[in-house]
Structures are given as structure tokens and as C-alpha cells.
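Reviewing the structure listed below.
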Amino acid sequence: MTTEKGAATLNAWAVAQHQFDLAAEKLGLDPGMRKVLREPRRELTVHFPVHMDDGSVQVYTGYRVQHNLSRGPAKGGIRYHQDVTLDEVKALAMWMTWKCAVVGIPYGGGKGGVVVDPKKLSAKEVEALSRRYFTEISILIGPERDIPAPDVNTTPQIMSWFMDTYSMHVGYTVPAVVTGKPISLGGSEGRNEATARGCVYTIVDAAPRLGIDLKKATVAVQGFGNAGRIAAELMVEEGSTVIAVSDSTGGIFKADGLDIARVGAWKKEHGTVVGFPGAKEISNAEVLEVECDILIPAALENQITGQNAGRIKAKVVAEAANGPTTPEADEILYEKGVFLIPDILCNAGGVTVSYFEWVQDLNRDHWSEAVVNAKLKEIMDRAFFETVAVSEREKVNMRTAAYLLAVKRVADATGMRGLYP
Ligand code: NAD
């Protein structure tokens, strides 16, 4: 894989393949199976035009990748970000395959992305871009084939436009083609909070094992969007004190605790957490390194690297984000005795409730939030304790343990189906 000179040089796809290789080696996977699982099944690149408000035409680039479809249709979010690359989408798709297998839901991994900073577009332009992108990737999409969901910078409103676009093409309403929709369009209760809630369930499971009393624990959160903001709120509900948060514009710190509801309102009004009254401004990098019990990276990949892992002071790193920790950092954290809850386990609550949403849509059903949360907790707890058991039995860190579980399940399914023709 690429040498680690800093986050900018790290390639998420190289990281993903490296993590897979470690697990394949430990499992003694057959060489043919390794070759199959090491590559995505399908990669679609699209370049598509959009009418801008000023009358000009812009051409955008988007991707949809399906990694492995042995256990079911592809499932995975769509990201809008100026730094999206095909390699990043491939990594995220592979991670989705493992994530669905860790929690035992019947999907393969997929992911999509568009190279765009949506904050620079009007709502009308985002709608036009979303509808045309979804049309372009629709050759792969469908409720039995590939079911997208939200990711960085994509929202329930964008999921609604995706669903409407697909439904217009086929001539009838197909709610199950995408998850993360508003409740009024067949969205699930609890989906918006699910990634954060699942993450917090795993922290609640981990705390007593590590002698951490969550009522006395301090928390730092990187990223203040769907995953990070709600994780911070839920940690407050657990009685913990959130002392630092950040977003793409910078970080804030308050030793005796931030009022997370107010920080949320501040961000809504000002578009940033920075400037929140009474808090000290710190850099994004410093948020990761504050003295705290629990660190929740909830932004982008490659944030905890060989460069800064030695300075992480948290006892638990709960990866709400996908791929926030590089392999080199993994080793440093493990040696330091940091308990890391890996992304494919920690943030699997999002795809799990997406699965519930899909099941409800296919059955024209609607479950209460209490039912959704109870089913989510059962799945997260089972996956957490299965991963801990593998970690203890094989004497490996939690990431490798989750990979051993997941890769074995996917390899078994792929092997049982055999090679066609
Ligand atoms: P989001 O767009 O709602 O929020 C992203 C947040 O990260 C924003 O607050 C943004 O300002 C911040 N951010 C961006 N760059 C940053 C940086 N360099 N430093 C600090 N903050 C930065 O996205 P989200 O849905 O919350 O996704 C966040 C992470 O969680 C991603 O890794 C995503 O893949 C992962 N995830 C999301 C879901 C989901 O259901 N939304 C599910 C599983 C995993």
C-alpha cells in the first residue's frame, strides 16, 4: 500500500485492500477467493451535464461501485464531496460488504459518489444534479439490485428526489429503491439517528469491559453532521460530558462540557460550530488529541494516522466514520491499549435501519421507533459480542476480528454459490 506521509497521500482503496489482505491471510483463504473478494464486481463512472442557474451547463463526474453481491443486493450510501475519487468509492463499497456481513443483514456492498461541493450549488442545482446522476446510474439500481442511501452531504431530501426520479422512469412509486427517505415517503422511524445510535450502543457495550463509567466519561467528536452531532447528543443522554467537537471549518473545546443542543442550534444558524459562545477554538487536529475517555471520529477517512495516533489520549475510539484510522495508526493504538470499535461494526447501525426501512417498504409496513431501536440494539449487541469473542479467541484487535467474521461470511456465501458459468 501507499507509504504513509500524511493523510493527503493515503489511498482509501489501498487501505481497504490491506485490511482485507490481513484477514484473508489469517483465515487462510483460498487464492482464487482472495482474487475475487479483493476487487469490486462492478464500477460505473458517469459524466453528466447539469443546467446551472446562470444558464450555463456544467459536466459532473459520478460513480457507483458494487463490491460483492453474494449475500444480497448492493447497499451503500451516495456521497457528494469535492474530493470524491473512484478509489474512495471502491473502498467504501468494499467496507459496506464487510459491514453488512458483520451485522448479518442480507446485502452486498455498494457505494456511490459525485465530485461536487454541494454547498456551492443552489437547491435547484442540487436537485437537477441528483436527478440526472440517479438516472445515469439507474442501469445498476433497483430495489432487488442496488439500494442507495445517504452519506456525506446527502440528505433525506436528496433521497426523495432519487426515489421520485426512479419512480418516474418505471411509472409507479418504488419506495424500496432508496433508504434514508423522510417518513412521509416510506422512511423508517429512527433511520436519521441510526448510525449514531448504533455507534453509542457499541460504546455502551464496551464501557463496562474497560471500567468506564459513562456518567463520568468525557467525549470528543470529530464531524458534526448526521453521525457526529447525533452521537454527541446520545452520549449526553448517557450522562457523558462532550468536551470537544469539530466540523470542516474547525473545532471547539469546553472543559466542563458543551451544551450540544445549543451547539446544534448555533451550527444551524451560522453554518459552523466555530464561534460558539463560551468555547475555546481549537483546530480539527487538536480535537482528535484532547484528553478524553471516548473519541468519536465522525467525518472522513484517514484522520488518525501514523503521524498523530501516538498523541491520541482517548481510551476508546468509536469509528462512526468510515475509514478514519489507517493501518499504521491501528497498530499504534492497539499497542497503546486503546480499545477501537471498528467502522464496519461501529457505524453499522445506519445500514441496519436502512435494511429495516427496505423491509418495511417491500411489505408496505411501518414500525414504531421503539420496535426499530429494539431490533437495532439486538443486532448491534450481537455483532459487538461476536467480534469481541473472535478478538479474544484469535488474540487480534477488534478491526481484524470484525474482518475475520465478515470476510468468512462473505467467502462462505461466495464459495457456496460457486463460479458462474
Ligand atoms: P454529514 O455530511 O452529515 O456530516 C459530515 C460532517 O463532517 C460535517 O459536519 C462536516 O463539516 C464534517 N467534516 C468534514 N470534513 C471534516 C474535517 N476535515 N474535520 C472535521 N470535520 C469534518 O455526513 P455523515 O452522514 O454524518 O457522515 C460522516 C461519516 O459517517 C462518513 O465517514 C460516513 O461515511 C459515515 N457514515 C454515515 C452513515 C449515515 O447513515 N449517514 C452511515 C455509516 C457511516
Pick from the stretch 143-161, criterion free of Cβ contacts under 8 Å to residues at least 60 places away in the same chain and out of contact with any Asp or Glu (no Cβ under 9 Å at 6 or more places or on another chain), ranking: farthest from M52 (Cα to Cα):
P156
Would you mention how many residues in the stretch 180-223 are more than 9 Å from the ligand (Cβ to nearest atom), among the hydroxyl-bearing types (S, T, Y) and surrounded by 24 or more Cβ atoms within 10 Å (Cβ to Cβ)?
2
Okay, strands (runs of 3 or more DSSP E) sitting entirely in the stretch 267-378 with 3 or more residues that are open to solvent by less than 20 Å² (accessible area, probe 1.4 Å), I get 294-297, 316-318
Of the residues in the stretch 247-258 that are more than 22 Å from the chain's Cα centre (by Cα) and open to solvent by 70 Å² or more (accessible area, probe 1.4 Å), the one that is nearest to the ligand (Cβ to nearest atom) is A255
Determine whether E286 is in contact (Cβ under 8 Å) with a residue 12 or more places away in the chain and among the acidic types (D, E).
yes
Could you list, in sequence order, all residues of the stretch 18-69 that are surrounded by 13 or more Cβ atoms within 10 Å (Cβ to Cβ), over 28 Å from E331 (Cα atoms) and in contact with a Pro (Cβ under 6 Å, 6 or more places away or on another chain)?
V65
Going through the stretch 107-166 one residue at a time, which ones are away from the ligand (no atom under 16 Å from the Cβ) and β-branched (V, I, T)?
T135, I137, I139, I141, T165
Could you list, ordered by first residue, the pairs with Cβ atoms under 6 Å in which the first is in the stretch 173-186 and in contact (Cβ under 8 Å) with a residue 60 or more places away in the chain and the second is assigned to a loop (DSSP other than H, G, I, E, B), at least 6 apart or interchain?
P175/G186; A176/P143; K181/G187
Qualifying residue in the stretch 349-358 (condition: away from the ligand (no atom under 16 Å from the Cβ), farther than 19 Å from V15 by Cα and among the polar types (S, T, N, Q))
no
Assess whether D361 counts as being outside the structural domain of A206 (by TED's automatic domain parsing) and farther than 22 Å from W95 by Cβ.
yes
Residue tally, condition surrounded by fewer than 19 Cβ atoms within 10 Å (Cβ to Cβ) and in a loop (DSSP other than H, G, I, E, B), over the stretch 379-421
6
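The values are calculated or read from the model by the stated rules, or taken from the named source; none is laboratory data. All of these numbers come straight from a predicted model, not from anything done at the bench. Because the Cβ atoms are built from the backbone with ideal geometry, glycine has one as well, and the counts that use them run over all protein chains shown. With ligands, DNA and RNA removed, areas are computed over all heavy atoms of the protein, side chains included. Shrake-Rupley method; radii C 1.70, N 1.55, O 1.52, S 1.80 Å.
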